[in-house]
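The values are calculated or read from the model by the stated rules, or taken from the named source; none is laboratory data. For clarity, every value in this text was computed on a predicted model and none was experimentally measured. Here the Cβ is made from the backbone with ideal geometry for all residues, glycine too, and neighbour counts use every protein chain on show.
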Amino acid sequence: MAEPMGFFTDTTVCIGCKACEVACKEWNQLPATNGGHGTLSGDSYDNTRQLDGIHWRHVKFIEQFSPDRSQGRWLMMSDVCKHCVRAGCLEVCPTGAIIRTEFDTVVIQSDMCNGCRDCIGACPFGVIGVNPVSGTAQKCTLCYDRMKVGLEPACAKACPTKSINFGTIVDLKKMAQARMGQLQQTGETRAYLYGDDESMLGGLNSFYLLVDKPQVYGLPPDPQLPSRNLKASAVWSVVGAVVVGLMSVFSFRNRGGGDV
Amino acid sequence: MSSTFFTAAPHWRWLIVAYFFLGGLAGGSYFLATLMDLFGKSEDRPLVRLAYLIAFPAVCVCGLLLTVDLGRPERFWHMLVQAQTFRPMIKAYSPMSIGSWALLLFSGCAFLSFVAVLAERGWLPWPPLAAGSPGRPFSG
């Protein structure tokens, strides 16, 4: 197995140019929204709106103002699949189409996926969607095809400000710590890393440097695996079956043939 | 704040709603029929037969609804067979994988019970199975 690879996205230097979105769409040959007849969202410069089957990179624009609107701040963040070390999508996929690659990334094999959409609900980050052209669930592959031949992913290649960094997880963590130190020195004390350690789903292979709460960026503060529900759900199912069974036994107990 | 607010909806719409209704109907019918079959009196027999006759067609429609709802319906078998190795595809920790197998096994049982009722009533064209007296009306 090759070394675990991933992204470190430093949101503090993102300028919202969406070059990553374009590069991703071009390389992966993703179709346009609504046949190219897009509409404006009215939500800042964000007309992509969300990550889904045909948007594998999504630049979020978060406008923050003080109550009197004299102060303002614009947060930009290029969102992508987190390639979780413990991945919810991989866990629930009933066809085995979702695999973990030799680069420790999570890839949906489009020729095996049958479009059941279980993974869409299982992803704690809302990353996956159906690509209407293929009829299958799709998301970022961390450019598995490019990595196979030693190239970096298209988005990281296109990013003009090095907001998107690609490399081995070990190198990226060093890079992130160095950047954190730099920001601390300049007085940006709100900066922190999201998903860089194992406490979050075993670690996110695509982790972020953020300067506000995760919720502000539309990220879950405490993402969980869908399997956390399995035991309780199984117990309640059995309890339900027993109750229904007992009720039916008792209600049919005294019935004669006449009233059937 | 719950982490679930950040997930996307899988867009399981009325096909899946209808599946749950019919699946419940099939499962409930079969469950009650089995209880009456095992513990009931002979008067219960018509109801047992009726429930078995409902369960199998209902579960057939269930399978159709689930298949049609897939993004790629022709690949429905990928739920049961690994499409590259052709080995059985079972994940004990994936509810949908378990559900697919449960549905398959239940369909098999429901089919056998359905055929048994047909044979009991003598509605089967195949003589060895048609043990009952043919043409007798379905009555209590």
**OP:** Identify, by number, the condition in (1) in a loop (DSSP other than H, G, I, E, B); (2) crowded, with 17+ Cβ neighbours inside 10 Å that residue A:58 doesn't meet.
**Re:** (1)
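Restricting to segment A:200-235, give me the number of residues that are of a type in the set (S, T, N, Q), part of a loop (DSSP other than H, G, I, E, B) and modelled with pLDDT of 95 or more.
The total comes to 1.
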**OP:** Output yes when any residue across segment B:91-104 is touching a Cys at 6+ places or on another chain (Cβ under 9 Å), surrounded by 18 or more Cβ atoms within 10 Å (Cβ to Cβ), more than 9 Å from chain A (Cβ to nearest Cβ) and at negative phi, and no when none is.
**Re:** yes
Subject >> Entirely in segment A:74-134, the strands (runs of 3 or more DSSP E) that have 3 or more residues that are modelled with pLDDT of 95 or more and within 13 Å of chain B (Cβ to nearest Cβ) >> reply: A:129-131
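Quick grid of which residues meet (1) under 20 Å from the mean Cα position of the chain (by Cα); (2) at pLDDT below 95; (3) on the phi > 0 side of the Ramachandran plot:
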| residue | (1), (2), (3) |
| --- | --- |
| A:9 | yes, no, no |
| A:13 | no, no, no |
| A:21 | yes, no, no |
| A:38 | no, yes, no |
| A:43 | no, yes, no |
| A:47 | yes, yes, no |
| A:56 | yes, no, no |
Original post:
Looking at segment A:18-38, which of its residues are over 20 Å from residue A:60 (Cα atoms) and polar (S, T, N, Q)?
Top reply: A:28, A:29, A:34
**OP:** Considering each of B:9, B:18 in turn, give the residue that is at the interface with another protein chain (Cβ under 8 Å from one of its Cβ atoms), surrounded by fewer than 20 Cβ atoms within 10 Å (Cβ to Cβ) and within 30 Å of residue A:112 (Cβ to Cβ).
**Re:** B:9
**OP:** Take the residues in segment B:75-85 that are over 20 Å from the mean Cα position of the chain (by Cα) and surrounded by fewer than 16 Cβ atoms within 10 Å (Cβ to Cβ), then tell me which one is nearest to the other protein chains (Cβ to nearest Cβ).
**Re:** B:82
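Anything in segment A:137-193 that is of a type in the set (Val, Ile, Thr), in a helix (DSSP H, G or I) and surrounded by fewer than 18 Cβ atoms within 10 Å (Cβ to Cβ)? List them, or say none. Working first, answer last.
First pass over segment A:137-193, keeping only residues of a type in the set (Val, Ile, Thr): A:141, A:149, A:161, A:164, A:168-170, A:186, A:189.
If we keep only those that are in a helix (DSSP H, G or I) as well, we get A:169-170.
Correct list: A:170 only.
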**OP:** Search segment B:8-37 for residues that are farther than 11 Å from residue B:65 by Cα and in contact (Cβ under 8 Å) with a residue 60 or more places away in the chain and pair each with any residue that is crowded, with 17+ Cβ neighbours inside 10 Å and charged (D, E, K, R) when their beta-carbon atoms are under 9 Å apart and the residues are at least 6 apart or on different chains.
**Re:** B:33/B:49
**OP:** Restricting attention to segment B:52-92, report how many residues are in a helix (DSSP H, G or I) and over 30 Å from residue B:35 (Cα atoms).
**Re:** 10
